Amino acid sequence: MRKHFSSRVLGAKRSAIRELLKLAERPEIISFSGGFPDPETFPHEEFAEIAAEEIRDNYRDVLQYSTTEGSKTFRRGVSGWLKEQGIEASIDEILVTTASQQGLDLICKAFVDPADVIFCGLPTYLGAIQAFTLFQATKIGIPLEDDGMNLDVLEEEIGAARRGGKVLKGIYVIPDFQNPSGITMSLKKRERLLEIARREDLLIFEDNPYGHLRFSGEPIRSIYSLDDEGRVIMLVTFSKTLAAGLRLAVMLARGDAMDALVRVKQATDLCTSKLIQRLAARYIERYRFDLHLAEISRTYRRKKEAMIRALERYMPAEDGIRWTDPDGGLFVWMWLPEGIDTEEMLDRAIEEKVAYVPGAATHVDGGGANTLRLAFSLASEEDIDEGIRRLAEVVKREIAAKKREGVAT
Ligand SMILES: Cc1ncc(COP(=O)(O)O)c(C=O)c1O
């Protein structure tokens, strides 16, 4: 059978981590692994009401195909909502997608030829790495600093890739509360990134699933809203702000870029579910989405605070152990002392009934062995405390074992 597989599929290995993390779905395990939103944040009563009404009264329309671009009612609603966030996007700049993972797939189909270079964070979102790998892109990782990607390194890597004769395509960034690190890119860096992209004629793929889940600090302008050349393509999913199972997102793009994306979407799935678009459109129309976002951000803030408190309380005071304290989003990122391999440690953690994502899976350069991602979104505050206590025991034993081996620094 394998001889029939495309070279794309042969190059895309099944993620060993995803396999291991299936174990984390067992109910006795406290899981900090998947970036699953808390189901209590889903506006299920409102959806039930709207769905019943739409299916009963408008079945001819909502159970029909939609246009590839997406329903005008929904795009109009989204355009108005984005305007409140300082993002000017007319409905012609909005393409509705079957969630943002499809947006990444469409970006690859529309813009990436095999071997083209995409620059991304070190670490970055695992699902983006998988999409870029499937389309045989060359992924070059750029280390993150406390205020986002290290742009000096980006410029050096651009120079090196150009000297190597490569075709440079774009830069993939998650500027707000990045997955997996929780790091936010400063406005200064957003502006400089755009300048670099202009100078080097690169596209920017701005992926923003978490920007609306802010706990502290002021919102920072999107790169899309700083751009006046149509160089930035932005993805905004409703997975974390309404419900992941809707599989609903929008992609913002201008001019020719939008035209290419619509063409590839048409060949991919014709259109996104109209019923789901209508559900979201009516929700935005009738209810206070801003209040909903404020409320769910408060939920996630409490959970993040519970996690930070537990980390401070239980983790050993060892050189090399530190973590991020994000202003929003769903993730805390953690460093363990050099020499600890969080992929190996995951077996022991699962035995202790706690799970996380090993950082190596999110590094395109093979690094990050001593890092891990902790999602605070799904577990209750009590489970967060207990899970971090368990994890701290695993970490202490790991450090003691490494010290016995004389490996730990
Ligand atoms: C950075 C980033 N991009 C895209 C996605 C995909 O989200 P969805 O396909 O649910 O819209 C996620 C999901 O966790 C993410 O963290």
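The values are calculated or read from the model by the stated rules, or taken from the named source; none is laboratory data. In this text, all values refer to a predicted model and were calculated from it rather than measured experimentally. Positions of Cβ are backbone-derived with ideal geometry, glycine not excepted, and every protein chain shown enters the neighbour counts. The area values use the complete protein model at the heavy-atom level, side chains included, leaving out ligands, DNA and RNA. Shrake-Rupley method; radii C 1.70, N 1.55, O 1.52, S 1.80 Å.
Any idea how many residues of the range 153-190 are open to solvent by less than 30 Å² (accessible area, probe 1.4 Å), of a type in the set (Lys, Arg) and not in a helix (DSSP H, G or I)? So the answer is 0.
A count restricted to the range 191-243 and to residues that are within 16 Å of the ligand (Cβ to nearest atom) and either assigned to a loop (DSSP other than H, G, I, E, B) or surrounded by fewer than 22 Cβ atoms within 10 Å (Cβ to Cβ) (or both) stands at 13.
State all residues of the range 395-409 that are crowded, with 20+ Cβ neighbours inside 10 Å and either closer than 17 Å to PRO326 by Cβ or over 27 Å from the mean Cα position of the chain (by Cα) (or both); if no residue qualifies, say none. GLU398 - this is the single residue of the range 395-409 that is crowded, with 20+ Cβ neighbours inside 10 Å and either closer than 17 Å to PRO326 by Cβ or over 27 Å from the mean Cα position of the chain (by Cα) (or both).
Residues are listed down the side, and each one gets a yes or a no for (1) in a helix (DSSP H, G or I); (2) surrounded by fewer than 19 Cβ atoms within 10 Å (Cβ to Cβ):
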residue	(1), (2)
LEU10	yes, yes
LEU23	yes, yes
GLN64	no, yes
ALA89	no, no
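On inspection, ALA294 qualifies as at pLDDT 95 or above and out of contact with any strand residue (DSSP E or B) (no Cβ under 7 Å at 6 or more places or on another chain). Taking residues in the range 85-103 that are more than 18 Å from HIS212 (Cβ to Cβ), and partners anywhere that are at pLDDT 95 or above and assigned to a loop (DSSP other than H, G, I, E, B), the pairs with Cβ atoms closer than 6 Å and at least 6 places apart or on different chains are GLU93/ARG254; LEU95/GLU69; THR98/ARG247; THR98/THR272.
Restricting attention to the range 362-387, the residues that are assigned to a helix (DSSP H, G or I) and crowded, with 22+ Cβ neighbours inside 10 Å add up to 3.
In the list ILE118, ILE55, ILE129, which residue meets the criterion of being away from the ligand (no atom under 12 Å from the Cβ) and either open to solvent by 10 Å² or more (accessible area, probe 1.4 Å) or not assigned by TED's automatic domain parsing to the domain that holds VAL167 (or both)? Criteria check complete, one pass: ILE55. Taken over the range 141-152, residues that are under 25 Å from TYR356 (Cα atoms), among the aliphatic types (A, V, I, L, M) and open to solvent by less than 30 Å² (accessible area, probe 1.4 Å) amount to 2.
Checking GLY159, GLY255, GLY164 one by one, the residue that is more than 16 Å from the ligand (Cβ to nearest atom) and modelled with pLDDT under 95 is GLY255 and no other.
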